Amino acid sequence: MPRKRIEPTIIVKRRYGEEEEEHNSAWKLAYADFVTAMMTFFLVMWLMNITTVEQRKGIADYFNPVALSQSNSGADGMLAGRAVDKSGSLSTPNAPGEHSVPVAAPPVVASLGESDREPAGRKDPMPHPPGGQNRPDRDARAELEALLDRQTAALTEQQGLEKAERDLRRTLDSMPELGSLADSVVIQQTPVGLRVQLTDQAKVSMYNVGSAQMNEQGRRLMRLVAGAVASSPNRLSITGHTDALGYAEGAKYGNWELSSDRANAARRELIAAGVPARRIVRVEGRADLDHLDSANPLAPQNRRISITLLKTAAGE
């Protein structure tokens, strides 16, 4: 008896509820339309911002199918947005009694000329006026150049003051005949300029006690300082100082008058030694307010004359 053939069993598994993912580019078209619409919107906003009311009116007339043109075209060309005559070009084609004249509409451009009016809400008619740079850039560049010029001038002036200090010290070292007078000269670089102080010592004084009359030692020191500062263009300030030793109570003459008179006497000696009078811009007395030796108000070093070569900023 023949054996019956057994067919293999085929099992097909089907899954339901899962959709095949669509692989197409339809969303790119929608996104491109959206980006184009946004670009158009911002372009319209930009045009409204940089144009004047008359220019916007001219643009509207250009796209108006009823009125082909108006008296103002919206452009700032040769005629600055105005027609040849008061009536302008024809309003409607083939009007009764008139002939239609084809008019080539001028391109709508934003003018850069001086006649351009400022749009509302803007200080500058265009973000980039003629010259390649807008006003803030030009102002910033001018301020930077002015700052560099001031810094260069200040550096040159400081070098001149340092040279004057070296010359004065070199002069003191080359004059051994000054003896103890060399110790009476105190040289300092200060924020306002080069300060040269001529002080009294225990046995060496420029003035007699209580007097504004300068002695020979004081005049010698004045001539020394005058020779060192004569070539400098800086202006001069002269200040007189005294120690804390006061006058009798009720006296009509005190340290204020004495310090001022001594400063004025120093001014006269400098002028006599060759310093131009116009360079001296300040002469004052400080009495006993500013001691050189604050720990000892009666020290002779507190009796002094301060001569300052002023920096330009301090001398103004």
Percent relative contact order for the stretch 157-286, counting Cα pairs under 8 Å at least six residues apart, stands at 23 percent
Going residue by residue through the stretch 264-277, the Karplus relation 6.51 cos²θ - 1.76 cosθ + 1.60 with θ = phi - 60° gives ³J(HN,Hα) values, rounded to whole Hz and with x marking Gly or Pro, of 5, 5, 5, 4, 5, 5, 5, 5, 5, 8, x, 7, x, 5
With a 1.4 angstrom probe the carbon and sulfur portion of accessible area for the stretch 181-233, in percent, totals 51 percent
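Using a Förster distance of 41 Å, how high is the FRET efficiency between L29 and V53, based on the Cβ-Cβ distance and rounded to 0.05?
0.60
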SASA check, M206, accessible area w/ 1.4 Å probe, all protein chains in place, rounded to nearest 10 Å², comes out at 10 Å²
Between the modelled labels at A313 and A60 (7 Å from Cα along Cα→Cβ) the distance in nm is 5.7 nm
In whole Hz, the Karplus estimates of ³J(HN,Hα) for the stretch 32-47 (6.51, -1.76, 1.60; θ = phi - 60°; x where Gly or Pro) are 5, 4, 5, 5, 4, 5, 5, 4, 5, 4, 5, 5, 5, 5, 5, 5
Rounded to the nearest 10 Å², the 1.4 Å probe accessible area of D139 is 80 Å²
Between the modelled labels at A154 and N264 (7 Å from Cα along Cα→Cβ) the distance in nm is 3.7 nm
Residue separation between S174 and E145 times 0.36 nm, minus their alpha-carbon distance, gives in nm 6.1 nm
Residue-normalised value, i.e. accessible area per residue, for the stretch 186-316 at 1.4 Å probe, in Å², stands at 50 Å²
Order by accessible surface, 1.4 Å probe, largest leading, for residues Y31, Y253 comes to Y31, Y253
Heavy-atom accessible area of V35, protein chains in place, probe 1.4 angstrom, given in Å² to nearest 10, is 50 Å²
Per its Cα gyration tensor (rounded if a/c is under 1.5, else prolate when a/b beats b/c, else oblate), the stretch 184-234 is best filed as prolate
Judged on accessible area alone, 1.4 Å probe, highest first, R268, R304 line up as R268, R304
Long-range amide H partners of G193, meaning residues 5 or more apart or on another chain whose placed amide H is closer than 5 Å, are K311
Note on the stretch 196-316, DSSP bridge orientation, antiparallel percent to nearest 5 equals 70 percent
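The values are calculated or read from the model by the stated rules, or taken from the named source; none is laboratory data. Treat the numbers as computed from the prediction; the structure is a model and nothing was measured. No Cβ is skipped: glycine too gets one built from the backbone with ideal geometry, and neighbour counts run over all protein chains shown. Surface areas here come from the heavy atoms of the whole protein model, side chains and all, with no ligands, DNA or RNA. Shrake-Rupley method; radii C 1.70, N 1.55, O 1.52, S 1.80 Å.
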